[in-house]
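Notes for the one structure printed next.
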Amino acid sequence: MLTPETNPLDDPQTDPFDVARIAAEQIAAATGVERHDVALTLGSGWGKAADLIGETTHTIPAQEIIGFSAPALEGHVGTLRSVLLPSGKRALVIGARTHYYENHGVRRVVHSVRTAAATGAKTMILTNGAGGIKQTWTPGTPVLISDHINLTADSPLEGATFIDLTDLYSTRLRELAKSIDSSLDEGVYCQFRGPHYETPAEVQMAKAIGGHIVGMSTALEAIAARQAGMEILGMSLITNLAAGIQKTPLSHQEVIEAGREAEPVITSLLARIVAAL
Ligand code: 8IG
């Protein structure tokens, strides 16, 4: 028997920012670290970056913190880590992403970002594994997210909350990343609901409306991060060419393998970016 999960975020009477504040207090209590400066969400392929950016001083199973859910997918590590950077700054590393396709609602999707903001983080680094529409992006290519198209038809904002999304993916941080690796390309990220991959026709639609990257995360999180006042850096690891762009069917296994092969290169890139923040 599965024990029914209760999550205060599921109660519409609960203020999600209250839950995020309590979560941040729990993280401070568990780590003894009063404030974090930067937060990173590590998507598929990016997991090892936590080991390279600094010294992990505390690892917390995410489900011990209010509002977080147990990981839905094998290979998605459900931990929160406090990492001491060489600069003396503190990073909160979120290895516990709740995807929109899990159907737990958008509050749970963005809870980690709101919690990161409540711990004090001013910079939010969002990473993911994704499909590429540009032919030149072979599997294993990291790309900067320059903007997004949110195709979920949902928003983390509740009520008449109007938030500007101009320069959502900070030009300043993209320039900083390019100063570390001048070969970094950038593109517009389309968040689809998933969990199925796109049809080739949907990929052509994404291309026609200005998309270059297709994925199942990040856009909703970026909106919540902006609402919380954070500066955002988004990076995708292209693990596959999008459906129809590559001639062979997409397989989750192939995606995992491309991530594994690219991991040393992209994680050291990310470590150098974090060191330069
Ligand atoms: I990894 O091709 C990965 N995630 N939507 N499409 C979408 N998400 C993805 C893809 C892809 N590859």
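A Cβ distance below 7 Å, combined with a sequence gap of six or more or placement on separate chains, defines the contacts here; from region 185-201, residues that are within 8 Å of the ligand (Cβ to nearest atom) and outside any helix (DSSP H, G or I) reach residues that are open to solvent by 30 Å² or more (accessible area, probe 1.4 Å) and among the β-branched types (Val, Ile, Thr) in the pairs CYS190/ILE149. In region 221-244, the residue that is nearest to VAL38 (Cα to Cα) out of those that are within 13 Å of the ligand (Cβ to nearest atom) and part of a loop (DSSP other than H, G, I, E, B) is ALA242. Inside region 154-174, residues that are open to solvent by less than 30 Å² (accessible area, probe 1.4 Å) and either at positive phi or in a loop (DSSP other than H, G, I, E, B) (or both) make up a count of 3. Would you please name the residue that is most open to solvent (accessible area, probe 1.4 Å), looking only at residues in region 7-20 that are assigned to a loop (DSSP other than H, G, I, E, B) and more than 27 Å from GLY215 (Cα to Cα)? Applying the filter and picking the extreme gives GLN13. When you look at GLU34, is it modelled with pLDDT under 90, part of a loop (DSSP other than H, G, I, E, B) and acidic (Asp, Glu), yes or no? Considered against the rule, which asks whether it is modelled with pLDDT under 90, part of a loop (DSSP other than H, G, I, E, B) and acidic (Asp, Glu), GLU34 comes out as no. Against the list (1) under 19 Å from the mean Cα position of the chain (by Cα); (2) at pLDDT 95 or above, the condition GLY140 fails is (2). GLY88 meets all of the listed conditions (1) surrounded by fewer than 24 Cβ atoms within 10 Å (Cβ to Cβ); (2) on the phi < 0 side of the Ramachandran plot; (3) not in a helix (DSSP H, G or I) but one, namely (2).
Restricting to region 21-48, and then to whatever is of a type in the set (A, V, I, L, M, F, W, C) and within 16 Å of the ligand (Cβ to nearest atom), can you tell me which residue is least open to solvent (accessible area, probe 1.4 Å)? Result: TRP46. LYS247 falls short on exactly one of the conditions (1) at pLDDT 95 or above; (2) within 15 Å of the ligand (Cβ to nearest atom); (3) out of contact with any helix residue (DSSP H, G or I) (no Cβ under 6 Å at 6 or more places or on another chain), and that condition is (1). When region 99-152 is filtered for residues that are surrounded by 24 or more Cβ atoms within 10 Å (Cβ to Cβ), polar (S, T, N, Q) and not in a strand (DSSP E or B), the ones remaining, listed by number, are SER112, THR115, THR119. Checking each residue of region 49-58 against the condition of being at pLDDT below 95 and open to solvent by 50 Å² or more (accessible area, probe 1.4 Å) gives at least one match. Out of the residues in region 245-277 that are in a helix (DSSP H, G or I) and of a type in the set (S, T, N, Q), state the one that is farthest from LYS134 (Cα to Cα). The extreme case among them is SER268. From the list GLY229, GLY211, the one residue that fits, being open to solvent by 10 Å² or more (accessible area, probe 1.4 Å) and farther than 21 Å from ASP51 by Cα, is GLY229.
The values are calculated or read from the model by the stated rules, or taken from the named source; none is laboratory data. None of the values given here were measured: they were computed from a predicted structure. Cβ atoms come from the backbone with ideal geometry, glycine included; neighbour counts cover every protein chain shown. Calculation scope for accessible area: heavy atoms of the full protein, side chains included, ligands and nucleic acids excluded. Shrake-Rupley method; radii C 1.70, N 1.55, O 1.52, S 1.80 Å.
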